[in-house]
Every structure is written in structure tokens, then in C-alpha cells.
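Here's the structure, in C-alpha cells; my notes come after.
The values are calculated or read from the model by the stated rules, or taken from the named source; none is laboratory data. Quick caveat, the model's predicted, so the values are computed rather than measured. Every residue, glycine as well, gets a Cβ built from its backbone with ideal geometry; the counts of neighbours run over all protein chains shown.
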Amino acid sequence: MSGRALFCQPRRIGRGAALTLVFASVLVAGAATGSLPGAGGKPRSDGAPSAAPVGHDVARAAEEAAADGTSPMEAAQRAVSRSGDRWAAVYSPGEYEEFEETLDGRYTGVGLWAREREGRIEVTKVGDDTPAADAGIRAGDRLRSVDGEKVDGRPVTEVVSLLRGETTGESAGSTVRLGLERGTRAWHETVRRVRLSRDTVTVRELASGVTVVEVGAFTKGSGDEVRTAVREAPAGAGIVLDLRGNSGGLVAEAVTAASAFLDGGLVATYDVEGEQRALHAEPGGDTTRPLVALVDGGTMSAAELLTGALQDRGRAVVVGSRTFGKGSVQMPTELPDGSVAELTVGHYRTPSGRGVDGHGLTPDLEADGEALRRAETVLSGLGR
């Protein structure tokens, strides 16, 4: 899955536009963002701030380039590269439009999810009926190269960008050659990028009676889907909230999902240029049903925000492995040529004040291959 994911669907962004809480995404091929409210610099009824200036150096470089008749986007990219901001980015109008579509669960990609593990890129999931599945790629395979570029040691967000073809301007219909490894076998597959869609929330009941709610990403409507799943789960049944491989998305949807399990209260705080803000759950959630949250190294951004809230407030036992560690606040600024630049202006924290960016969240119980079974065991104890 591709694209960054916003808190609210972006509208046309003016200079000094809405705050964005940018969370790097590895949904299948893209970097994810969570945008904070007020796109277009307009205040919202949820009490979020209206936009404040950000990225002055980038904006100034772009304006000077426009005045000189050169490319504002290229000037902004140079300014971003000098900033030392690892999450800063400049997007063309087409790229920005494409990631808007991911908010509705539509994306360009090959149908695989990946994470960085000990300096290597590992496939964590392959979507059904996708080019990756048709090519025989499986979860657990190691991704060695993309179009001849080695990916070991590279940030997973860069690898995702290569898969998407962002660096070369490729789109749906283009092909990408993947170097893969499975055990002692090494081989190459050429797969075609296509337009895909997916249901980001799936619900199933285990033989033990436990309800598993798997959230692949926080796209539009996913928070309400989580709340519906909790309401419709059998009375007294424990729930596993599976956030493994969830690379983020709409922060508002993550907060709505938190509202399924909390009776109001704090979900996260975030700072913007030193000013503190807060995100709160809605009242009326199920606070008594046994709950386990499953996480791993692919759990990122908005998914970490949700995990941190449930963990800090004692609502869930978190099982799995350390999460990715992405929680920085960016602000988007539209440049003279319609491209969009973003620079980091702050970070979010869990209800207890823990920082996530660069650290991730440590689960209450470590588990890897048998994480779901471990979750069932934990739920059986919580039920008693």
C-alpha cells in the first residue's frame, strides 16, 4: 500500500497551512503521514490549532527559485536535504494527490508489506490476489534489492519509495524487479505495480471464542469499524487488537479506535513549536472486556499512538516485539509550483509522557512467532 496518511483528508494547502503529524508508513509502498486538523489553515471544531508558519528556509528557497524562473520543487528539495530532518519531504502535486487516495484505502503498489529487522528488509505480509502473491512471494522472505539497488541497511521508508517507483516517477502499470531470499534460495521476480484497494479492518473469531480485530492501516472509516467490531463481539469475549504491520494512517481514526476501549480521556499529547496540544477519546467505550494489543517492528505512527494510549492507561496488555518508533509532527506548505514541502516541528507523547520517536514502544510481554497464541493465553488469564 502506498502513500502517507493524513489526520483529515487534505484540501488545497496554502502557505502556512495545517499542521501534520507525519508518521512514516510502510503500508506496501509508501511513507505514511498523519495530519493534524485544520487543512487549509482553517481552525476546526475539535479545538486543534490553526496553522502556523513552518519551513521558512524551504519556502524562501522555493519563492526565490520561482522568481528566478527555476524549479521551486528542486530548490525545496535541496533545502530539505540540508536541514538534517530525516522525516522532511517534498512531494509533487501528483504524489500529494495520490496519497490522498490512500485515505480511502486505494493505493499503487505490488501488494506486500515490509519491515526493517536487524538491518534487513523482511516481507511481513502479502495481500491476496496481488502481483506479489501471484509471483509466489511469501511473508518471511527477505527483500534484497529493488530494481538492482541493494536495500540492506536502508530505512524501510526509502525501500517503500523504491517499491512505489517514487524516485523515478513510475506509476501503476510499470514493473519493478525484486531481489529476494528465502533460506538458502536467492532469486529475482519482476512484478507489475497496480492500483489496489483493501479492507483495512478484518474481524474473525478463534476456536477459543476470542475475537481478533486486525487493523492493517488507519484509513477513512476504520475507527468506526473497530468500534462496530467491539460492539458486535460475543458478550464477555476477549479481544485481540492486531496492530502488527500497521504502519499508521489517519490519526483521527486511531483516536476513534481508542474510543472503542476507553471512556473518554487522554489518548496523546503533541507539541507544535513548543505549544502543547492534546487528543482525547470519546466517552462510552467498553472498558471491561479483556483486551490484548499485538504489535511488532512494523507497528508505526498512529498505530503506536493507539498502543501507547491503551498501554499507559492500563486498558490492554501489549504483546509482541518493540514497535518502529515514529511520532514527529510536521507542517505542510504549498510551494509556488503546487508541490508540497513538510518539515518536522514537534513530537507526540503517550498519556504518561513517553516519547515514541526513535524509541518505539516496548511490549508488556515479548513474543514473536507465537504472538497470537500468547495473546490467547493472556486473555484466558484476564478473563478469570
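Would you say THR377 is over 30 Å from ARG120 (Cα atoms), in a helix (DSSP H, G or I) and of a type in the set (Val, Ile, Thr)?
yes
Can ALA309 be described as of a type in the set (A, V, I, L, M), in contact with a Lys or Arg (Cβ under 9 Å, 6 or more places away or on another chain), more than 30 Å from ALA79 (Cα to Cα) and surrounded by 21 or more Cβ atoms within 10 Å (Cβ to Cβ)?
yes
Tell me, yes or no, whether the stretch 294-301 has at least one residue that is closer than 20 Å to PHE218 by Cα, part of a loop (DSSP other than H, G, I, E, B) and of a type in the set (A, V, I, L, M, F, W, C).
Scanning the stretch 294-301 turns up at least one residue that is closer than 20 Å to PHE218 by Cα, part of a loop (DSSP other than H, G, I, E, B) and of a type in the set (A, V, I, L, M, F, W, C).
Looking at GLU253, GLU275, which one is at pLDDT below 95, in contact with a helix residue (DSSP H, G or I) (Cβ under 7 Å, 6 or more places away or on another chain) and either buried (at least 24 other Cβ atoms within 10 Å of the Cβ) or not small (Gly, Ala, Ser) (or both)?
It is GLU253.
Looking at the stretch 214-226, is at least one residue over 13 Å from the mean Cα position of the chain (by Cα), outside any strand (DSSP E or B) and under 14 Å from LEU294 (Cα atoms)?
no
Would it be correct to say that GLY314 is over 30 Å from VAL123 (Cα atoms) and surrounded by fewer than 20 Cβ atoms within 10 Å (Cβ to Cβ)?
Taking the combined requirement at face value, the residue satisfies it.
Taking the stated definitions as given, is THR228 without any contact (Cβ under 8 Å) to a residue 60 or more places away in the chain and either closer than 25 Å to GLU366 by Cα or β-branched (Val, Ile, Thr) (or both)?
yes
From PRO351, PRO290, PRO332, grab the single residue that is more than 21 Å from GLU214 (Cα to Cα) and either out of contact with any Ser or Thr (no Cβ under 8 Å at 6 or more places or on another chain) or surrounded by fewer than 22 Cβ atoms within 10 Å (Cβ to Cβ) (or both).
The match here is PRO351.
For residues in the stretch 218-248 being among the small types (Gly, Ala, Ser) and in contact with a helix residue (DSSP H, G or I) (Cβ under 8 Å, 6 or more places away or on another chain), which is surrounded by the most Cβ atoms within 10 Å (Cβ to Cβ)?
Ranking the candidates gives SER247 first.
Among (1) in contact with a helix residue (DSSP H, G or I) (Cβ under 6 Å, 6 or more places away or on another chain); (2) of a type in the set (Gly, Ala, Ser); (3) at pLDDT 90 or above, there is one condition GLY355 misses while meeting the rest; what is its number?
Of (1) in contact with a helix residue (DSSP H, G or I) (Cβ under 6 Å, 6 or more places away or on another chain); (2) of a type in the set (Gly, Ala, Ser); (3) at pLDDT 90 or above, only one is false for GLY355: (1).
In the stretch 61-76, which residue that is in contact (Cβ under 8 Å) with a residue 12 or more places away in the chain and surrounded by fewer than 19 Cβ atoms within 10 Å (Cβ to Cβ) is nearest to GLU334 (Cα to Cα)?
Restricting to residues being in contact (Cβ under 8 Å) with a residue 12 or more places away in the chain and surrounded by fewer than 19 Cβ atoms within 10 Å (Cβ to Cβ), the top hit is GLU63.
Within the stretch 79-95, how many residues are farther than 20 Å from VAL345 by Cβ and loosely packed, with under 14 Cβ neighbours inside 10 Å?
Residues in the stretch 79-95 being farther than 20 Å from VAL345 by Cβ and loosely packed, with under 14 Cβ neighbours inside 10 Å: 1 in total.
Considering only residues that are outside any loop (DSSP other than H, G, I, E, B) and free of Cβ contacts under 8 Å to residues at least 40 places away in the same chain, look in the stretch 256-278 and name the one that is farthest from GLY223 (Cα to Cα).
My answer is GLN276.
Restricting attention to the stretch 131-176, and to residues there that are of a type in the set (A, V, I, L, M, F, W, C) and part of a helix (DSSP H, G or I), which single residue is surrounded by the fewest Cβ atoms within 10 Å (Cβ to Cβ)?
Top of the filtered list is ALA133.
Which condition breaks for GLN77 when tested against (1) at pLDDT below 85; (2) touching a strand residue (DSSP E or B) at 6+ places or on another chain (Cβ under 8 Å); (3) part of a helix (DSSP H, G or I)?
(1)
Out of all the residues in the stretch 336-354, which are touching a Leu at 6+ places or on another chain (Cβ under 8 Å), free of Cβ contacts under 8 Å to residues at least 60 places away in the same chain and either not basic (Lys, Arg) or not in a loop (DSSP other than H, G, I, E, B) (or both)?
Selection gives nothing.
State whether one or more residues within the stretch 190-201 are assigned to a helix (DSSP H, G or I) and either within 29 Å of ASP357 (Cβ to Cβ) or touching a Gly at 6+ places or on another chain (Cβ under 7 Å) (or both).
no
Quick grid of which residues meet (1) under 20 Å from GLY248 (Cβ atoms); (2) at pLDDT 90 or above; (3) in a strand (DSSP E or B); (4) in contact with a Phe, Trp or Tyr (Cβ under 6 Å, 6 or more places away or on another chain):
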| position | (1), (2), (3), (4) |
| --- | --- |
| ARG322 | yes, yes, no, no |
| MET331 | yes, no, yes, no |
| THR362 | yes, yes, no, no |
| ARG373 | no, yes, no, no |
